[in-house]
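Student: Sharing a structure, written as structure tokens. Questions coming.
FYI, it's all coordinate maths here, none of it is from the lab. This structure is a prediction, so every number in the text was calculated from the model and none was measured. Neighbour counts run over all protein chains shown; Cβ positions are idealised from the backbone, glycine included.
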Amino acid sequence: MKKQSISRRGFLKGTAIASAAVACPTILPSSVFGADAPSERIMVGHIGVGGQGGGLLRAFVGQPGGMSIATCDPFKDRREGKAKWIDAGYSKKMGKTYKGCKTYNDFRELLARDDIDAVVVGTPDHWHVPITIAAAKAGKDVYCEKPLGISVAHNKACRAAIHRYKVIFQYGTQQRSNNTHCARACELVRAGYIGELKSIDVVAPNGRTGGKATEMPVPAGLDYDMWLGPAPKAPYTKDRVIGGGRWHIYDYALGFIAGWGAHPLDIAHWGYPHTPVEYSGTGKIPTEGLFDTIVNWDVKGKYESGVTFTLKAGRDSTKFTGTEGWIIASRGRASASKPELLKTKVKPNEVKLLQDTNHYRNFLTACKSRKTPASDIDSAVQSDIMSHLGDIAIRTKSTIKWDPKKETIIGNDEASRMLTRAMRAPWKL
């Protein structure tokens, strides 16, 4: 919890908190929640509450360390429906009517509230970085859904903002907490239980093709211009906004090479915290329909150490192979060349990676303690770079050489130009 939040709430608690509770419905008496009173909670605003954002909202509302007091979405029915759901939940807990969750169409109005400590960004991908940077500038801690940004330059700008404004950042790669076997696998790899690491093979579910491009009337209650935001102007069609377009149209995302790839790539970076320096690959860029992100990708590369790297389309997994065996971590399970290896207890002097068994609780705990959460911004940027450089290698049909210190592409002007993306005015980072 930020120092300014503590002093403000401490002042309210030491004065007429009963009358304040009537005037401001987000301030509730301690008797309602006991030790988990709002004065001790992280006040959370949700930006993007449809689909994945709605799932994140439900997960956070169930956490005792926080309190959701605002929803923001360009779809009016989404933001109002989720706010009513939140109010109903708190009303049930209080035993009387509560209507303290406010709604917003424009995220900047939500960020202007000084009683909001943190935000959960569950928007389409092209909004992740712009909103995260704006939140950091406003002094808000950020839980941001994966993948991070739609360009390497955007990711680097996001990282710079998080560090400059000293806010807590949690990346939405929940396998670092919710799937404890992933932590165990990475701990064993780091400790050398599979010998000297030789290769990392990552697999992520394939993307989609298709999508209808026929222009349609914008639905009532949708601020379509706000939904587009920094993305190029484009006619409204259902498949662009409500269908898979937000994940599979290149104006808004890299596709599942990043959108789902963020999970197994994150585990790869967790087990071996480096970024490959060479990338080449093949893949298909759809030419029919609305969706135009790469599918059927097959990326090959290597790290500076000589460890090889692959990223393919298929069933989600991360495989670490060493001189003395292998370990595979996926969302559902972990397996190893020697099954007994998975029962190994990490020694006191070896790396321990697991912080918590709940990713959302871990974020709220970090907001209070001001300690780095399980999935920090630096690791988020590095793992995200892997999907970006793989995508660039496929699109340019070239071998990409990456300088990990300068974070630039070496000797390829065409590829280097793809490290950034223009933003539609008036939006900027």
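Student: Would you please put 140-149, 58-67 in order of how densely packed they are, using the mean number of other Cβ atoms within 10 angstrom per residue and starting with the highest?
Tutor: Numbers: 140-149: 27.6, 58-67: 18.9.
By packing density, highest mean first, the sequence is 140-149, 58-67.
Student: Kindly work out what percent of the DSSP beta bridges joining two residues of the chain are antiparallel, to the nearest 5. Please report the intermediate quantities before stating the final value.
Tutor: Working: 30 of 57 bridges.
Percent antiparallel among DSSP bridges in the chain is about 55.
Student: What share of Cα pairs, in percent, lie more than 40 angstrom apart in the chain?
Tutor: Working: 18209 of 91806 pairs.
More than 40 Å apart: 20 percent of the Cα pairs in the chain.
Student: Sticking with this one: Can you give me the long-range amide H partners of Lys102? Hydrogens built in the peptide plane at 1.01 Å from N, cutoff under 5 Å, separation of 5 or more residues or another chain.
Tutor: Distant-sequence amide H within range of Lys102: Ala70, Thr71.
Student: Here's another thing I want to ask about it. Long-range amide H contacts for Asp292: which residues qualify at under 5 Å (H placed 1.01 Å from N, peptide plane, sequence gap of 5 or more or a different chain)?
Tutor: So Asp292 has HN proximity to Ile249, Tyr250.
Student: Quick one: 3J(HN,Hα) in Hz for segment 412-423, Karplus 6.51/-1.76/1.60 with θ = phi - 60°, rounded, Gly and Pro as x.
Tutor: For segment 412-423, the Karplus curve yields 8, 5, 4, 5, 4, 5, 7, 6, 10, 9, 6, 10 Hz.
Student: Let me ask another. Quickly estimate the mean residue ellipticity at 222 nm for the chain, helices only: each DSSP H run with n ≥ 4 gives -39500 (n - 2.57), and the total goes over all residues, rounded to 500. Numbers along the way, then the final one.
Tutor: Working: 17 runs with 154 residues, N = 429.
Result for the chain: -10000 deg cm²/dmol, rounded to the nearest 500.
Student: Just to be sure I follow the rule: in segment 316-429, considering lysines 8 or more places apart or on different chains, how many pairs have Cα atoms under 25 Å apart?
Tutor: 15
Student: Near Lys102, which lysines are there with a Cα under 19 Å away, not counting those fewer than 8 places off in the same chain?
Tutor: Correct list for Lys102: Lys76, Lys82, Lys84, Lys92, Lys93, Lys140.
Student: Also, I was wondering about something else. Only Cα pairs under 8 Å and at least 6 apart count here; give the relative contact order of the chain as a rounded whole percent.
Tutor: Working: 920 pairs, mean separation 78.1, N = 429.
It rounds to 18 percent for the chain.
Student: Next up: For segment 186-272, what is the largest minus smallest coordinate of the Cα atoms on each principal axis, given in angstrom and ordered from greatest to least?
Tutor: Extents along the principal axes: 59, 24, 19 Å.
Student: With the crude spin-label approximation of a point 7 Å out along Cα→Cβ, what separation in nm comes out for Glu340 versus Lys405?
Tutor: 4.5 nm
Student: In the neighborhood of Glu350, defined by Cβ-to-Cβ distances under 11 Å, what is the net charge if each Lys or Arg adds +1 and each Asp or Glu adds -1?
Tutor: +3
Student: Suppose R0 equals 41 Å; then what is the FRET efficiency for Lys96 and Ala160 from their Cβ-Cβ distance, rounded to the nearest 0.05?
Tutor: Details: r = 46 Å, r/R0 = 1.12.
Computed FRET efficiency for Lys96 and Ala160: 0.35.
Student: With θ set to phi - 60°, apply the Karplus curve 6.51 cos²θ - 1.76 cosθ + 1.60 along segment 268-277 and write out the HN-Hα couplings as whole Hz, x wherever there is a Gly or Pro.
Tutor: Those phi angles translate into 4, 6, 5, x, 9, x, 9, 10, x, 10 Hz.
Student: Between Lys284 and Lys238, 0.36 nm times their residue separation minus their Cα-Cα distance comes to what? Can you show the working numbers first?
Tutor: Values: separation 46, 0.36 × 46 = 16.56 nm, distance 2.40 nm.
Between Lys284 and Lys238, full extension yields 14.2 nm more.
Student: Separation between the Asp413 and Asp77 pseudo-spin-labels, each 7 Å from Cα along Cα→Cβ, expressed in nm?
Tutor: Between Asp413 and Asp77, the simple spin-label model gives 5.1 nm.
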